[in-house]
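Note sheet for the following structure.
The values are calculated or read from the model by the stated rules, or taken from the named source; none is laboratory data. Keep in mind that what you see is a predicted model, and the values were worked out from it rather than measured. Here the Cβ positions follow ideal geometry from the backbone for every residue, glycine too, while neighbour counts run over all protein chains shown. Heads up: the accessible areas ignore ligands, DNA and RNA and are worked out on the full protein's heavy atoms, side chains in. Shrake-Rupley method; radii C 1.70, N 1.55, O 1.52, S 1.80 Å.
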Amino acid sequence: MHDMSIASQILGLKKREFSSLELTRHYLGRIERLNPILNALITVTEEQALESAKRADEMLSGNIDNELCGIPLVHKDIFCTRGVKTSCGSKMLHNFVPPYDATVVENLAQAGTVMLGKANMDEFAMGSSNETSFYGPVKNPWDITRVPGGSSGGSAAAVAARMTPAATATDTGGSIRQPAALCGVTGLKPTYGLVSRWGMIAFASSLDQGGPIARTAEDCAILLNTMASYDHRDSTSLKFQEKDYRDEINRSISGCRIGIPREYFSNSLSPSVEATVFKALRVLTDLGAILVDISLPNTKLSVPAYYVIAPAEASANLARFDGIRFGHRCENPQSLEDLYCRTRAEGFGEEVQRRILIGTYCLSAGYHDAYYKKAQQVRHLIKQDFTEAFSKVDVVASPTCPAPAFKFGEKSDDPVKMYLEDIYTIATNLAGLPGMSIPCGFVDRNPIGLQLIGNYLQEARILNIAHCIQKETDWHNSAPKEPS
Ligand code: GLN
């Protein structure tokens, strides 16, 4: 059952080939066996899952209105779940049990999905390797000596290891696409505002966006149908025309113009990754798509701009963790200042503290114009690059990451090296555009991702292209050998 896509599990449930309870028990068994090795989940909600599966089976015997009814999944531990610990990968929230569900969780629960547990992640979603998690790093199921990517490493690893058919995730600068690439699964970051941020613990509010990680583009489309919703509780939520993201998935891509940004195929890209990506692009040209050379001239400014804007927003968002209202509190505070200082020094890890310091510095009087304002101007230029590109092409294609998964410890001592991991994904967030990563082959048995970037609200278009590749190839069906 665990080798089936969600689309086929939906059919299996409908035809009564198995029940949701059987499906859920099957995945719980795999979690029990594999989680001690991979550390992909922080919390397993076994009892709750069995209860929800029974309820889903009852719903399935009547007339259900959502096809996801009975499908198990995992939520990234950044999404608030009522009555279930939501740690955001941090010691700061090790004891936080939210009294409410995030909108994404609520939408998926109402559809009848079954939550298996909460996925491990980099602390407060800051990182590209899962090494900043308070709960220890997630291992990449393809090679447990390598990182799964981050920050949604737990979500991607759990899907790759078939511990769940799908997982929710979030992407502020690449955190859905980069781990999806390194774990050989499919991940979609929607247009900013399409998926509600309500109840999703804030990192950098103008960049954060939730989305699905699954095995196939079709499964991502099915999940997006339920995850996307206008939400009055999120002031940046988009009022969009609802649609079925699966409708256009089989559309012909003949004549489709695919932009190849020359800046994304530069010296920093490993030649074997480049060759692998071009092999996947050949599948598209064989189907009649046309590759067009384009330029995104401000690409090199995206990482520096992001590392001013994201920490600036993070420093403001994380101010709420003060030992009074949420989570961790230090022992025996001597004064209010002592309470703040020790709580935050104990509760936050090194990377989070680094970002708070950078962000506070960039926003301080005297430096605001030099750093924050400048970064916002650069952000505008990056947006313009894409506007210009989309006047010539339908989608943009590139590698998701410059190289395959790296070894633990390889980049953790050098923040700048780690930050450059997102060199191809960050511009998409700065512009607010939808992007996805799909498996496109292997280098030395490590998965490689192809990134597809669409124009605003063109999720259906990139899903369509991804699906066309997946109909012709088998990369997305390869599974890692079971780690032991
Ligand atoms: N790796 C990037 C960072 O550390 C992006 C993280 C994310 O998308 N949440 O900020």
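Considering only residues in the stretch 414-452 that are among the aromatic types (Phe, Trp, Tyr) and away from the ligand (no atom under 11 Å from the Cβ), the one that is surrounded by the fewest Cβ atoms within 10 Å (Cβ to Cβ) turns out to be 442. The numbered conditions (1) under 19 Å from residue 208 (Cβ atoms); (2) open to solvent by less than 20 Å² (accessible area, probe 1.4 Å) are all true for residue 319 except (2).
The one condition from (1) at negative phi; (2) surrounded by fewer than 19 Cβ atoms within 10 Å (Cβ to Cβ) that residue 411 does not meet is (2).
A search for C-beta distances below 8 Å between a residue of the stretch 17-30 that is in contact (Cβ under 8 Å) with a residue 40 or more places away in the chain and of a type in the set (A, V, I, L, M) and any residue that is open to solvent by 30 Å² or more (accessible area, probe 1.4 Å) and part of a helix (DSSP H, G or I), counting only pairs 6+ apart in sequence or on different chains, returns 28/46; 28/50.
Would you pick out the residues in the stretch 120-133 that are farther than 19 Å from residue 327 by Cα and buried (at least 24 other Cβ atoms within 10 Å of the Cβ)? Hits for the stretch 120-133 are 127, 128, 129, 130. A single entry from 119, 156, 161 fulfils the requirement of being on the phi < 0 side of the Ramachandran plot, within 15 Å of the ligand (Cβ to nearest atom), out of contact with any Ser or Thr (no Cβ under 9 Å at 6 or more places or on another chain) and not acidic (Asp, Glu): 156.
Just a yes or no: is a residue in the stretch 195-210 within 15 Å of the chain's Cα centre (by Cα) and aromatic (Phe, Trp, Tyr)? Yes, because at least one residue in the stretch 195-210 is within 15 Å of the chain's Cα centre (by Cα) and aromatic (Phe, Trp, Tyr). When residues in the stretch 327-361 are screened for being more than 28 Å from residue 412 (Cα to Cα) and either touching a strand residue (DSSP E or B) at 6+ places or on another chain (Cβ under 6 Å) or surrounded by fewer than 17 Cβ atoms within 10 Å (Cβ to Cβ) (or both), 8 of them pass. Residues in the stretch 190-223 that are closer than 20 Å to residue 157 by Cα and either within 14 Å of the ligand (Cβ to nearest atom) or without any contact (Cβ under 8 Å) to a residue 40 or more places away in the chain (or both): 209, 210, 211, 213.
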